Amino acid sequence: MGISGLIGAVKEAQESVHISRFKGKTLGIDGYVWLHKGAFGCSEDIVLEKPTNKYVLYFIKKIRLLQHFGVEPYVVFDGGPLISKKKTELEREMNRKNNTDRGIDLLKQGKRKEAMSYFQKGVNITPLLAKAVIEELKKEKINYIVAPYEADAQLAFLEKNGIIDGIITEDSDLVVFGCKKVIFKLNDGGFGVLFDRDNLRLVKDIPLKGWDDNMFRKMCILSGCDYLDSVHGVALKRSCKYLQRSSDIQKIVQIMKGEGLKVPNTYVQDFQRAEKTFMYQKVFDPIVKKLRSLEEIRPEHIDPDMDYIGENIDDTLAYLISIGEVDPISKQPFGSYEHTNGKIHEKIKVHSKSEPENRLLMRWLKPTDSKDINESKMENLLDMEIETKSECKHLDSSRRLSTGCKICNGGDVYKQNIISKRSESEIIGSTNRNNPTITTSKYFGSQAKKLSIGFEIKAKPSQGSSNSGITVNGRETSQTKLSFQTISVGNNSSTLGSSFQQQTRFQTLSIPNSVIEAVETPKRKLSFSPSFTIKKKPF
């Protein structure tokens, strides 16, 4: 895990530190590191699928350590596997299986002590184990997030955007991702080793003075990483020498071949992909609740197929993964966990593999409790989701709100006057009427027909109005159109998901059915009601 020999090579950029130095700060935690350590003490139970919560207790003990010294934890868990690490993951899976099988054989022979060492090497840290910890973190109101892919990239994103002030891990890849402050080897007393990126210039073993993050990253990839094996005989120091001669990977390959090294034919392409994976890996933005790249992809770096940095995931699914409601690997919803007599009993809901993804998500996106809306309207109201892009005014300067604003999301109802009774909105686009899916859901009852529609609605101001835009929470915005993505029709209720082209997130949007009865017809003009109702709730 990480770059071989990197931490030892940059020892001048490290110092001993106590966690109390970060009092009042927020530290991101590589959750699977603590899960691995916690599972070490109960590996036999996990491998043999016996109920245990020892790893959960270990995890919470580490959380308590940080809290005791005034540090706010922000736990980040790994998500799904990357295509870039397919080979690495297959090798690790095979090693775990071999160690587990060997441990079981030894246990059958009565050699329990020997079996334990193999179980510890064979234990597989799964999203189910992470889910058990997440349930405890929820109770303790501890910030956490499940990355769409790797926790390393997610942690780097959080630090880069000021959501966390440093990182606790044992993985040197965080240094390659460009992280500024990384704490390694944190013990139960709160002591550890702090890597400070600002001190890389002091390193003596490898001449890094004057290098930028791009050169440092190239050196690490050349020496071998999870995304690309090194050429035999090439380690950190040799990589550094190559980069001193040229920063162009094609020229470096020519140099290596000139020295008699065997370089794979696809090495240049594989190197470039590894580099882009470090730079642009998919992460989840907890502020705007959307999937995005770690950095904005430069035009010259765009490939026709970039799934190796992480496949695109629907923002709703990515959000459900981030809060621990959906397994990031199987994309299936988790069950619930009950703690009884110190044990964890898992209840997994069974889902057909053939179920459409939308049906799966509907089961988790429960309708809002709209009791404070006029009861007479409830028969024709359906909760929906609306997103805009203006920051909440209650967001603190540190941008550390991972679950939405507690002030705005308190359940208040706002009526937004979008356009007047006499204003018209034009529906532009076409509907997809081919093979509509019939499903059963909480939203629409037993028979719900889902039609995928692509169109946009342009709001026009009423005559004599100086307002050329839309009023949101009492503030005017220059945006004059809403882009609607889907509509579902069934049981006399209709819903649609929409987004203003701005940046505040509302959890639900309720609209009377009569307003959107005719939206199936392309290019048809509608008269909107004078207002619609937005109901907010915590995410």
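The values are calculated or read from the model by the stated rules, or taken from the named source; none is laboratory data. Quick caveat: nothing in here was measured; it's all calculated off a predicted structure. No Cβ is skipped: glycine too gets one built from the backbone with ideal geometry, and neighbour counts run over all protein chains shown.
Could you list, in sequence order, the residues of segment 194-252 that are of a type in the set (K, R), over 30 Å from S20 (Cα atoms) and more than 28 Å from the chain's Cα centre (by Cα)?
Correct list: K209, K237, R238, K241, R245, K251.
Return the residues of segment 259-292 that are in contact with a His (Cβ under 9 Å, 6 or more places away or on another chain) and either over 26 Å from A156 (Cα atoms) or β-branched (V, I, T) (or both); say none if nothing qualifies.
Hits for segment 259-292 are L261, K262.
Would it be correct to say that E300 is exposed (fewer than 13 other Cβ atoms within 10 Å of the Cβ), of a type in the set (D, E, K, R) and modelled with pLDDT under 95? Steps first, please.
Values: exposed (fewer than 13 other Cβ atoms within 10 Å of the Cβ): yes; of a type in the set (D, E, K, R): yes; modelled with pLDDT under 95: yes.
Yes.
Which fully enclosed helices (runs of 4 or more DSSP H) of segment 9-98 have 2 or more residues being modelled with pLDDT of 95 or more and among the basic types (K, R)?
Where helices (runs of 4 or more DSSP H) fall fully within segment 9-98 and carry at least 2 residues being modelled with pLDDT of 95 or more and among the basic types (K, R), they are 54-68.
Looking at L158, L137, which one is assigned to a helix (DSSP H, G or I), under 21 Å from the mean Cα position of the chain (by Cα) and surrounded by 23 or more Cβ atoms within 10 Å (Cβ to Cβ)?
L158
Y280 passes all but one of (1) among the hydroxyl-bearing types (S, T, Y); (2) farther than 21 Å from L174 by Cα; (3) crowded, with 22+ Cβ neighbours inside 10 Å; which number fails?
Unmet for Y280, out of (1) among the hydroxyl-bearing types (S, T, Y); (2) farther than 21 Å from L174 by Cα; (3) crowded, with 22+ Cβ neighbours inside 10 Å: (2).
For segment 266-303: of the residues being part of a loop (DSSP other than H, G, I, E, B) and basic (K, R), which is farthest from P328 (Cα to Cα)?
Per the criteria, the residue is R298.
In the list D270, D248, D305, which residue meets the criterion of being closer than 18 Å to K85 by Cα, without any contact (Cβ under 8 Å) to a residue 12 or more places away in the chain and charged (D, E, K, R)? Full working, then the answer.
Values: D270 fails: without any contact (Cβ under 8 Å) to a residue 12 or more places away in the chain; D248 fails: closer than 18 Å to K85 by Cα.
Result of the check over D270, D248, D305: D305.
Residue-by-condition table, conditions (1) in contact (Cβ under 8 Å) with a residue 60 or more places away in the chain; (2) of a type outside the set (A, V, I, L, M, F, W, C); (3) surrounded by 14 or more Cβ atoms within 10 Å (Cβ to Cβ):
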position: T26; (1), (2), (3): yes, yes, yes
position: K37; (1), (2), (3): no, yes, yes
position: I60; (1), (2), (3): yes, no, yes
position: L90; (1), (2), (3): no, no, no
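Filtering segment 188-203 down to residues that are among the hydrophobic types (A, V, I, L, M, F, W, C) and outside any helix (DSSP H, G or I), which residue is nearest to S172 (Cα to Cα)?
F195
Regarding A9, is this residue surrounded by 19 or more Cβ atoms within 10 Å (Cβ to Cβ), touching a residue at least 40 places away in the same chain (Cβ under 8 Å), among the small types (G, A, S) and more than 30 Å from Y118 (Cβ to Cβ)?
In short, yes.
Can you name the number of the only condition in (1) small (G, A, S); (2) within 20 Å of D152 (Cβ to Cβ); (3) over 23 Å from the mean Cα position of the chain (by Cα) that S117 fails?
(2)
Counting only residues that are among the hydrophobic types (A, V, I, L, M, F, W, C) and assigned to a loop (DSSP other than H, G, I, E, B), which one in segment 304-329 is farthest from V176 (Cα to Cα)?
Among them, the one singled out is I323.
Name every residue in segment 104-129 that is more than 16 Å from C42 (Cβ to Cβ) and assigned to a loop (DSSP other than H, G, I, E, B), in order of residue number.
Selection gives Q109, G110, K111.
Are any residues in segment 303-327 closer than 15 Å to P286 by Cβ and not hydrophobic (A, V, I, L, M, F, W, C), and if so, which ones?
Selection gives D315, T316, Y319, S322, G324, E325.
Could you give me the residue pairs with C-beta distances under 6 Å whose first residue belongs to segment 185-196 and is touching a residue at least 60 places away in the same chain (Cβ under 8 Å), whose second residue is assigned to a loop (DSSP other than H, G, I, E, B) and of a type in the set (K, R) wherever it lies, and which are 6+ apart or on separate chains?
From residues that are touching a residue at least 60 places away in the same chain (Cβ under 8 Å), the pairs are G192/K185; V193/K185.
Hey, among the residues in segment 204-213 that are outside any helix (DSSP H, G or I) and on the phi < 0 side of the Ramachandran plot, which one's modelled with the highest pLDDT?
Applying the filter and picking the extreme gives D212.
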